[in-house]
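The structure appears right after this line, and notes come after that.
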Amino acid sequence: MKYEHIVRAVFGEPWAILPAMYATICEIVLYRADGGTLTAEEIQARLGAQPVRAGAGRSGAIAVLPLYGVISQRMSLMTQASGGTSTEQFGAAFQAQLADPAVSAIVIDIDSPGGSVYGVEELWATIFRARGQKPVVAVADSMAGSAAYWIASAADEIVVTPSGEVGSIGVLAEHIDMSAAAEQAGIKTTLVTAGQFKGEGHPAFPLSTEALGALQGRVNAYYDTFLAGVAKGRGVPAATVRSDFGQGRMVGAKDAVAAGMVDRVGTLQETIDRLMGRKAQAGARAEVESAPVQAQDDGDAERRQRRLRLLGR
């Protein structure tokens with residue numbers, strides 16, 4: 001099999017991404033592994049990728065950091081083709097803007113279906129630690145799915161555009177069993193290993209019940225971490241995130257405000273204007289304020305009020 005290292009990275013590893021996008025990525029990887037060739041433009045077309053937009057920018061004293069496309073820990077062909085984002089590179093850009101005295105606030109401009117879970121928890125922590133230093137606002141313009149929403153939850157405030165969506169809180173993994181196809185092609189694989197579980201999940205063999213349980217355990221562990229991060233970021237119990245934040249589905253703007261998943265509906269430009277202290281043009285926004293959010297404890301409620309004061313609300 002060609003590109004076996006890529007196949008193993010995509011299959012059998014946990015992802016926090018929209019299921020449809022994950023299925024498309026799997027199809028592309030299998031096609032390449034089977035000997036097919038695709039140009040970067042063809043990959044972009046299959047992923048529905050938009051042309052790569054500009055990197056970090058400024059609007060006055062407001063830094064605008066793009067979080068676009070498929071998210072991964074390190075930049076790869078897949079993230080490049082989708083106009084995607086490396087958590088490492090984004091974290092470095094975020095810390096640079098945080099340290100810049102000319103920057104008064106940071107806006108994270110998000111349009112992403114999520115991606116690999118690797119590096120997301122660390123990036124969430126980097127953004128969460130910035131609270132109290134400068135206002136950080138995440139804007140879903142127009143999609144903050146799965147890992148992208150996980151990252152957004154670390155910000156002081158989440159805004160979603162009127163036509164936007166947030167959510168898809170969950171983790172998935174897929175194992176591909178190539179044994180029947182290999183047998184039909186006359187290929188027999190012998191795997192030599194040391195260590196009881198070293199060959200577990202290899203695509204040349206069916207997934208055993210024990211291996212399935214281990215993979216489910218990994219998915220559950222990342223899901224619990226995902227829930228805990230969103231709960232801490234939004235100031236609600238993990239049980240509320242589990243039951244009221246879409247249960248793995250994407251949630252539209254008004255419903256997301258009502259559930260406490262986001263703080264308000266607004267455009268990216270309106271958010272920048274507000275942070276700069278400028279009045280948005282008359283009639284430009286019919287703002288939807290957030291419903292009361294259930295706090296985990298008094299400390300969470302107090303921290304949330306401090307965040308809102310910092311943002312001038």
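The values are calculated or read from the model by the stated rules, or taken from the named source; none is laboratory data. What you see is a predicted model; the values in this text were computed from it and never measured. Reconstructed Cβ throughout: ideal geometry from the backbone, glycine too, with neighbour counts over all protein chains shown. Quick note on the areas: whole protein, heavy atoms, side chains included, nothing else; ligands and nucleic acids left out. Shrake-Rupley method; radii C 1.70, N 1.55, O 1.52, S 1.80 Å.
Some notes on this structure:
- The C-beta contact set for segment 96-123 (first residue more than 14 Å from Y149 (Cβ to Cβ) and part of a loop (DSSP other than H, G, I, E, B), second residue open to solvent by less than 30 Å² (accessible area, probe 1.4 Å) and small (G, A, S), distance under 6 angstrom, 6+ apart or interchain) comprises V103/A63.
- Consider segment 80-115 and keep the residues that are under 12 Å from G69 (Cβ atoms) and among the small types (G, A, S). The one that is nearest to the chain's Cα centre (by Cα) is G114.
- Looking only at segment 128-156, and only at residues there that are small (G, A, S) and assigned to a strand (DSSP E or B), the one that is surrounded by the fewest Cβ atoms within 10 Å (Cβ to Cβ): S142
- Verdict on A258 being small (G, A, S), modelled with pLDDT of 95 or more, farther than 22 Å from L172 by Cα and open to solvent by 20 Å² or more (accessible area, probe 1.4 Å): yes
- In segment 261-278, the residues that are outside any helix (DSSP H, G or I) and either of a type outside the set (A, V, I, L, M, F, W, C) or at pLDDT 95 or above (or both): M261, V262, D263, R264, V265, G266, T267, G277, R278
- All conditions but one from (1) within 20 Å of W124 (Cα to Cα); (2) modelled with pLDDT of 95 or more; (3) surrounded by fewer than 18 Cβ atoms within 10 Å (Cβ to Cβ) apply to R234; the one that does not is (3).
- When G186, G167, G201 are checked against the criterion of being more than 30 Å from V136 (Cβ to Cβ) and in contact (Cβ under 8 Å) with a residue 12 or more places away in the chain, G201 stands alone in meeting it.
- So L227, is it of a type outside the set (K, R) and part of a helix (DSSP H, G or I): yes
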